[in-house]
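For reference, the structure discussed in these notes is given below.
Readers should treat all values here as calculations from the given coordinates under stated rules, not as data from a laboratory. These numbers come from a predicted model, not from an experiment. Counting neighbours? That spans all protein chains shown, and the Cβs are built from the backbone with ideal geometry, glycine included.
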Amino acid sequence: MKAVNIHDAKTHLSRLVDQAAKGESFVIAKAGKPLVKVSALTAPESGQMKRLGFLSGQIAVPDDFDRMGATEIEQLFGSV
């Protein structure tokens, strides 16, 4: 894996990021000591992402949802 010093990384950041996006990871070093590894993210494609709230308005939650089954639970575990 290629190591790049901080100064060169700042100077050639755009080119290095393009290479990393193509799968060529690299390490940024300071005074010869490796600090961070830069590699491509594997982001899901737009069709693979889950949509939040896609059933909005199609499901109704009862008002007593948090109390449903309370009697049965008390019978099983006793009241506190």
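Some observations on this one:
- Along the chain, longest interval not containing exposed trypsin sites (Lys or Arg not before Pro), exposed being DSSP loop plus at most 12 other Cβ atoms within 10 Å: 52-80
- Spin-label model, Q19 to E74: label points 7 Å out along the Cα-to-beta-carbon direction sit 7.0 nm apart.
- Counting only lysines at least 8 places from K10 when in the same chain, those with an alpha carbon closer than 22 Å to its own are K2, K22, K30, K33, K37.
- Net length gained if the chain between H7 and A29 were fully extended (0.36 nm per residue, minus Cα distance): 7.0 nm
- Each DSSP beta bridge with both residues in the chain is either parallel or antiparallel, and the antiparallel ones are about 55%.
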